[in-house]
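J.: This structure is in structure tokens; I'll ask about it shortly.
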Amino acid sequence: MPKRYRAFISYSQKDKRHAKRLHSALESYRLPKNLAAPSTEPKTRGLGRFFRDDEEMGAATDLGETLRGAIANSESLIVICSPRSASSKWVNEEVLQFKRTDRASNIFAVIVDGAPNSGDPATECFPPALRFEVDPDGSLTNRPTEPLGLDLRKERFARIKTRLVAGLVGINFDDLWRRDRR
């Protein structure tokens, strides 16, 4: 059954400008005409909707239930990673909730600050739920994972956006990058 959202964007409120920029870029993105992806909107070639709490929540009576529903209705999870998100209880819970749906392979980490797996809380950019596996019962383990982080400090925004789009729709990055550049 198709999901309502292409992806849920998880972030610390202190990284809101990064989340807002990415949200806007992804929702307005259109695949090049000569490149087809079956999971895009046929007429517009768009990616569909992305959940970002400020844009989608409205006046919810139960914040937890609303967020759990949005996570369940999202194909993927995009985590804006920084020391602020790594220490955020809410970001960690959102990642954990998404992993409990057996879709850990659909998580994309976008690094905006800090260092992955640094071991130092002042610089660590990955929340614990992103750094460790989840047991079948849904609890966080001490078994490390190796999340791939797209680093905005090392690559231009346009390239990171294209990498995300390729991953979200399941097409080859190089093909998309070359056609996007035309």
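Per-residue answers, yes or no, for (1) at pLDDT 80 or above; (2) open to solvent by less than 60 Å² (accessible area, probe 1.4 Å); (3) closer than 16 Å to residue 6 by Cα:
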| residue | (1), (2), (3) |
| --- | --- |
| 23 | yes, yes, yes |
| 41 | no, no, yes |
| 44 | no, yes, yes |
| 52 | yes, yes, yes |
| 79 | yes, yes, yes |
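J.: Restricting to segment 155-182, give me the number of residues that are under 18 Å from the mean Cα position of the chain (by Cα) and without any contact (Cβ under 8 Å) to a residue 24 or more places away in the chain.
T.: Number satisfying all stated conditions: 8.
J.: Somewhere in segment 92-104, is a residue farther than 18 Å from residue 137 by Cα and modelled with pLDDT of 90 or more?
T.: Taking every residue of segment 92-104 in turn, none turns out to be farther than 18 Å from residue 137 by Cα and modelled with pLDDT of 90 or more.
J.: For residues that are at pLDDT 90 or above, surrounded by 17 or more Cβ atoms within 10 Å (Cβ to Cβ) and of a type in the set (A, V, I, L, M, F, W, C), tally how many sit in segment 54-77.
T.: So the answer is 3.
J.: Being among the polar types (S, T, N, Q) and in contact (Cβ under 8 Å) with a residue 24 or more places away in the chain is the filter here, so list the residues in segment 98-116 that pass it.
T.: Passing the criteria: 101, 106.
J.: While we're looking at this one, here's another question. Hey, residue 28 hits all of (1) surrounded by 21 or more Cβ atoms within 10 Å (Cβ to Cβ); (2) modelled with pLDDT of 85 or more; (3) among the hydroxyl-bearing types (Ser, Thr, Tyr) but one; which does it fall short on?
T.: So residue 28 meets the others, but not (1).
J.: Any residue at all in segment 85-103 that's out of contact with any Gly (no Cβ under 8 Å at 6 or more places or on another chain) and within 15 Å of residue 18 (Cα to Cα)?
T.: Yes: segment 85-103 contains one or more residues that are out of contact with any Gly (no Cβ under 8 Å at 6 or more places or on another chain) and within 15 Å of residue 18 (Cα to Cα).
J.: Here's another thing I want to ask about it. Among the residues of segment 131-164, how many are part of a strand (DSSP E or B), basic (Lys, Arg) and over 20 Å from residue 101 (Cβ atoms)?
T.: Matching residues across segment 131-164 total 0.
J.: In addition: When you scan segment 151-173, do you find a residue that is open to solvent by less than 50 Å² (accessible area, probe 1.4 Å), touching a Lys or Arg at 6+ places or on another chain (Cβ under 9 Å) and within 20 Å of residue 131 (Cβ to Cβ), even just one?
T.: no
J.: Tell me whether segment 119-133 contains one or more residues that are farther than 21 Å from residue 21 by Cα, crowded, with 20+ Cβ neighbours inside 10 Å and among the aliphatic types (A, V, I, L, M).
T.: yes
The values are calculated or read from the model by the stated rules, or taken from the named source; none is laboratory data. The model shown is predicted, which means the values in this text are computed figures rather than measured ones. Note that each Cβ is placed from the backbone with ideal geometry, even for glycine, and that neighbours are counted across all protein chains shown. Note: areas computed on protein heavy atoms with side chains; ligands, DNA, RNA excluded. Shrake-Rupley method; radii C 1.70, N 1.55, O 1.52, S 1.80 Å.
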